[in-house]
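Working notes, beginning with the structure itself.
No value in this document is a laboratory result; all are computed from the given coordinates. What you see is a predicted model, and the numbers here were worked out from it, not measured in a lab. Note that we place each Cβ from the backbone using ideal geometry, even for glycine, and neighbour counts take in every protein chain shown.
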Amino acid sequence: MPALFRWIFVGCLGRIAATLATLVAIFLIAEAFDKARYLGHGLDGSMLIEYLLLKIPFMISEFMPVVVLLATSFMLIELSRHQELVAMRAAGLGVNKVLVPLISAAAVVAFATFIVSEWVTPATNQRLDKIERINIHHMAETSRGMQWLKDGQNFFRLQALRGGLFKLIMLKTDREGHWLERLEADKASYADGMWTMDHVHISRPGGDNLNLSFEEHMQVAASVGPDTADPPEPRHMRFFELMQYAQNLERAGLGSAGFEFTLHRKISVPLSCMIMALLAVALCMNMGGRLGSASWGVVAAIGLGLGSYVMGTATQLLTVADYLPAGFSAWLPDMMTLGFAGFLLLHREGY
């Protein structure tokens, strides 16, 4: 490994770690002050500490691309101030000698981010949501009138009516997720492990046509009901769980946009770390030298990093509202950032 590569690679990793620690500390202090008002009203000291610690994996999985952008920008600005980039240029070294170790460091961080989002945050998010629901907002541990339930290979869609009744759609699938039967009841109630349904319309796939039938009354055994289970949350699931669940919903003819978006974000967020390193090179090696002030690179990096995060949140809302396809909206911030960074780099190199 060349000394120049090792020097930039290790230096970048060190600055990423320092930037992450600084942002996490600031976030935890602000969060501690915000949640301290609940002490004695559902939270105690030990639970507050647990809550803050559980927030760290969430921050890593959500904000690591911005951390990489800031840390890489700081390092490039430091190199510019000490004229080290000028010396590299004078020695005939191209921009690739800086770009390759920075992208490599970002790739290591991207892999670590994926590991955290895949094997840590699903568990910590479940615990966080439970603390938020029970200890902070003083809500019941389970929700009533929920929209989705899952019992093995069966899916239930509920619409709450009056008097403990629901309008119920039940979909039965096999282990491969293929749709076997669809039950739609005008009224349904749940008691003693049994759904009792009235005016049930039944449809089953039969070649190129649907087999339709009707039952005035019907009962279906189920281990979950409106008082015994919570709807699945995409943020509580791992990659292959999300993939399987989204496929099951799609095959059953149900909306799966939220699960598909989270599935794509499992990959797009880690890859965004490398794109942000590329953007930092384009910003700080271009703007800092041209404007004669290294601070402009940091200002631009902060603005674009926050803009990318806000765009990711906005596209998620548009996806849930069925305005954008899940895959397109999950990758849109990365595509726009990559295009802008590529344009700046090519322009800086004289193309």
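Rounded to the nearest 20 debye, the dipole magnitude of the chain is 1260 debye, with +1 charges on Lys and Arg beta carbons, -1 on Asp and Glu beta carbons, and the Cα centre as origin. Structural descriptor for the chain: relative contact order 19 percent, calculated from alpha carbon pairs under 8 angstrom and at least 6 residues apart.
Secondary-structure-derived ellipticity at 222 nm for the chain, considering helices only, amounts to -20500 deg cm²/dmol, per-run term -39500 (n - 2.57) for DSSP H runs with n ≥ 4. The phi torsions of segment 320-335, fed into the Karplus equation with coefficients 6.51, -1.76 and 1.60 and a -60° offset, translate into couplings of 4, 7, 6, 8, 9, x, 4, x, 5, 5, 5, 9, 4, x, 5, 5 Hz, rounded to whole numbers, with Gly and Pro shown as x. Protection proxy ranking for 23-35, 192-204, using the average of other Cβ atoms within 10 Å per residue and placing the highest first: 192-204, 23-35. By the compact-protein rule of thumb, 2.2 N^0.38 Å, the alpha-carbon radius of gyration of the chain corresponds to a ratio of 1.26.
Amide H to amide H distances under 5 Å link residue 161 with 166, 167, where only residues 5 or more positions off or on other chains count and H is placed in the peptide plane.
Using C-alpha pairs under 8 Å with a sequence gap of at least 6, the mean separation divided by the residue count of segment 148-229 gives a relative contact order of 23 percent. Where the alpha-carbon atoms of segment 148-229 are placed on the principal axes, they occupy 40, 27, 19 Å, in descending order. Take each peptide in 165-176, 100-111, 38-49, count the other Cβ atoms within 10 Å of every residue, and average; sorted highest first, the result is 100-111, 165-176, 38-49. Using the Cβ-Cβ distance between residue 7 and residue 126 with R0 set to 45 Å, the FRET efficiency from 1/(1 + (r/R0)^6) comes to roughly 0.60.
With an 8 Å cut-off on Cα pairs and a minimum separation of 6 or more residues, tell me the relative contact order of segment 7-117 in percent. Dividing the mean separation by the residue count of segment 7-117 yields 48 percent.
Under a Cβ-Cβ cut-off of 14 Å, what is the net charge of the residues other than residue 305 that fall near it, where Lys and Arg count +1 and Asp and Glu count -1?
Surrounding charge for residue 305 is -2.
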